[in-house]
Amino acid sequence: MSKNEHLHKAKKKKNDEFYTRIEDIDKELSHYTEQLKDKWVYSPCDDYRWSNFPKYFTEHFTDLGLKHYTCTNYDIGEGAFRYDYDGENTTITRLEGDGNFRSDECTEIMKQSDIVITNPPFSLFRDFIKWLNY
């Protein structure tokens, strides 16, 4: 099955569980190291417990010269959390809401951050782009 066939089937089933491989994140972000320097990066659709975006940004925090990294996740039954990393300290806080990127809570984080980098839910892509242009 080709990648496009897989995506088309997932779209029909509303399956948003696509995880970006860490090597793909590394390959893509290698083009943007200067743009990331001294920036606060926010990943609003990434659970710190298993997503590769938090793994990548915490492991490469110093190399990228980041100022701060935050990610939040949507509650799928195990809680919604905010994960913050400043290069030395990690803080994990339970979100008040369900972690939906469109929530006031996540929108406020997005407004404070400099750059949003994530793999948004496939079925909500248009909503996600609208949210970014808030």
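Observations, loosely collected:
Yes or no, residue by residue, for (1) surrounded by 12 or more Cβ atoms within 10 Å (Cβ to Cβ); (2) of a type in the set (S, T, Y); (3) assigned to a loop (DSSP other than H, G, I, E, B); (4) on the phi < 0 side of the Ramachandran plot:
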| position | (1), (2), (3), (4) |
| --- | --- |
| E23 | no, no, no, yes |
| D46 | yes, no, yes, yes |
| W50 | no, no, yes, yes |
| L66 | yes, no, yes, yes |
| G77 | no, no, yes, no |
| R82 | yes, no, no, yes |
| T91 | no, yes, no, yes |
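- When the stretch 29-81 is filtered for residues that are under 19 Å from P121 (Cβ atoms) and basic (K, R), only R49 remains.
- A single member of D98, D104, D75, D84 is at pLDDT 95 or above and either basic (K, R) or under 25 Å from D26 (Cα atoms) (or both), and it is D84.
The values are calculated or read from the model by the stated rules, or taken from the named source; none is laboratory data. The model shown is predicted, which means the values in this text are computed figures rather than measured ones. When we count neighbours, we look across all protein chains shown, and the Cβ atoms used for this are built from the backbone with ideal geometry, even at glycine.
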